[in-house]
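The values are calculated or read from the model by the stated rules, or taken from the named source; none is laboratory data. Since we're looking at a predicted model, the values are computed, not measured. Note: ideal-geometry Cβ built from the backbone for every residue, glycine included; neighbour counts use all protein chains shown. In case anyone asks, the SASA skips ligands and DNA or RNA and just uses the protein heavy atoms, side chains included. Shrake-Rupley method; radii C 1.70, N 1.55, O 1.52, S 1.80 Å.
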Amino acid sequence: MSSFALYLIGMVIVIGGLAYAAYLLHAPTQWIGIGVVVLLGAGIIGAVKHTRRRDPPES
């Protein structure tokens, strides 16, 4: 399994936990959905940033 997939699986678990906690705190469902989308986008950007390969130096 690639580092990218592991990073995204971890982010999905964290986001799920935060969404469940927000639900238990009676946060409005629309705000929970917005938070999930924003965190998922940030997680994808972070996964790409941390797992991309560097370009080889030009000679």
In order over region 12-29: 3J(HN,Hα) from phi, Karplus 6.51/-1.76/1.60, θ = phi - 60°, whole Hz, x for each Gly or Pro, gives 5, 5, 5, 4, x, x, 5, 5, 5, 5, 5, 5, 5, 8, 6, 6, x, 4
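At 1.4 Å probe radius, can you tell me the per residue accessible area of the chain in Å²? Please list the in-between numbers first.
On the way: 5060 Å² over 59 residues.
Spelled out: the 1.4 Å probe surface of the chain, per residue, equals 86 Å².
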Of 47-58, 28-39, ordering from highest average Cβ density within 10 Å down gives 28-39, 47-58
With a 1.4 angstrom probe the carbon and sulfur portion of accessible area for the chain, in percent, totals 69
Checked against the structure, the computed semi-axes √(5λ) of the Cα gyration tensor in Å among (1) 22, 14, 11; (2) 44, 24, 6; (3) 32, 12, 6 is the one labelled (3)
